[in-house]
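Here the structure comes first, spelled out in structure tokens, and everything after it is commentary.
What follows draws every value from the coordinates through simple rules; no lab data is involved. Since this is a predicted model, take the numbers as computed values, not measurements. Glycine also receives a Cβ, built like all others from the backbone with ideal geometry; neighbour counts cover every protein chain displayed.
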Amino acid sequence: MSRSRRKVVLDTDPGIDDAMALLYLHACDSLELLGVTTVFGNASIDDCTTNTLFLCEQFGVIAPVYRGADRLLNGETPEEYPDFVHGKNGLADIDVTVAEKTAEDQEASHFLIKATKANPNEITIIAIARLTNIALAINKDPTFASRVKEIIFMGGAANCEGNVTTWAEANIIGDPEAASTVFNAGIPMVMVGLDVTMQTWLSLDILDSMTSGMAQLKPLLLSINNVYANSYKTRQNWDEFPVHDSSAIAYAHNPKLFGTERGQITCTLNGEARGRTVFEPAASGNHRVCLSVNSTALVDGYLKTVTAAYR
Ligand code: BDR
Ligand code: CA
């Protein structure tokens, strides 16, 4: 008897580590990808959507792509994008030519609303970017939250420092009002934040050997990760780089890799700690925060799953 697959929607802002997360998700036979929604973040919404379409074509992902928010929930437009990590186009400034795939006409938050109506309490949203599209769906449809099975999100920092400010991680400080809206909506959530993503590391050497049997994808994967690795080397003098977005996919695929604590997450909106994720442990809470990870097993699983799928 075959195991039923977890229905997922990926909400993403590619982004080099988003690209590696999509690569992994598509390789996980436990996950059924119903659609990909895009949001501004690592680059503009135009670039993030084009990059998503391009990556889908490169990886053989046939799921539909829905273009989402181009600005924060409060209407502000981003002043700048983290081009010092992901390049100006969000994908290491490589040539991103999309052959055929186009984005659907439906906007991302409408797709989220429609998909959860068609599959009530069955869809897990894996969010690896700002939570803007999900907040928009919550604001547009008061019953949306009750139909979402779970949100697994890469973002936040519970017991560690942020990576943009002392307090805040990029996906949360990128739209704190959206994060707050989603945290307060009553949806079961799992936070895969810096507490665990900064415990799991990859390197160019590891990716070089992972891609040795992947003739078609190797140049693409190495060139984008070369830029990613360089940004960590230049800014931090690190020879390896943390596994952010793929850790959320790893949780969806194999939650046993993580140790979690139950409680309630809130987002600080004002003052110098704006964008901070505050976690209050509580046995009754419907949020869980990942606080530990078997990083050796995570990297092992990532490499085995990807090499088996793209050989
Ligand atoms: C998160 O911020 C983005 O730049 C990455 O893609 C990841 O989702 C890490 O803090
Ligand atoms: Ca991301």
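Before moving on, here are some points about what is shown:
- Residues of region 85-101 classified as of a type outside the set (D, E, K, R) and surrounded by fewer than 11 Cβ atoms within 10 Å (Cβ to Cβ), total: 2
To keep it simple, each residue is scored yes or no on (1) more than 28 Å from residue 112 (Cα to Cα); (2) basic (Lys, Arg); (3) away from ligand 2 (no atom under 16 Å from the Cβ); (4) surrounded by fewer than 21 Cβ atoms within 10 Å (Cβ to Cβ).
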{"residue": "169", "(1), (2), (3), (4)": "no, no, no, no"}
{"residue": "175", "(1), (2), (3), (4)": "no, no, no, no"}
{"residue": "206", "(1), (2), (3), (4)": "yes, no, yes, yes"}
{"residue": "216", "(1), (2), (3), (4)": "yes, no, yes, yes"}
{"residue": "224", "(1), (2), (3), (4)": "yes, no, no, no"}
{"residue": "229", "(1), (2), (3), (4)": "yes, no, yes, no"}
{"residue": "233", "(1), (2), (3), (4)": "yes, yes, yes, yes"}
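- Residue satisfying all of: in region 14-49; of a type in the set (Ser, Thr, Tyr) and crowded, with 23+ Cβ neighbours inside 10 Å; nearest to ligand 2 (Cβ to nearest atom) among these: 38
- Selection within region 20-36 - touching a strand residue (DSSP E or B) at 6+ places or on another chain (Cβ under 9 Å) and within 14 Å of ligand 1 (Cβ to nearest atom): 20, 21, 22, 25
- Residue count for region 88-144 satisfying the condition of being within 16 Å of ligand 1 (Cβ to nearest atom), outside any strand (DSSP E or B) and among the hydrophobic types (A, V, I, L, M, F, W, C): 6.
- When residue 82 is tested against the conditions (1) away from ligand 2 (no atom under 11 Å from the Cβ); (2) over 14 Å from the mean Cα position of the chain (by Cα), the lone failure is (1).
- Residue in region 145-161 that is over 24 Å from residue 24 (Cβ atoms) and within 18 Å of the chain's Cα centre (by Cα) present: no
- So residue 157, is it touching a Gly at 6+ places or on another chain (Cβ under 6 Å) and assigned to a helix (DSSP H, G or I): no
- Qualifying residue in region 143-151 (condition: over 19 Å from residue 36 (Cα atoms) and within 16 Å of ligand 2 (Cβ to nearest atom)): no
- Set 300, 239: member being more than 16 Å from ligand 2 (Cβ to nearest atom), of a type in the set (D, E, K, R) and assigned to a loop (DSSP other than H, G, I, E, B): 239
- The C-beta contact set for region 225-242 (first residue closer than 16 Å to residue 207 by Cα, second residue assigned to a helix (DSSP H, G or I) and basic (Lys, Arg), distance under 9 angstrom, 6+ apart or interchain) comprises 239/233; 241/233.
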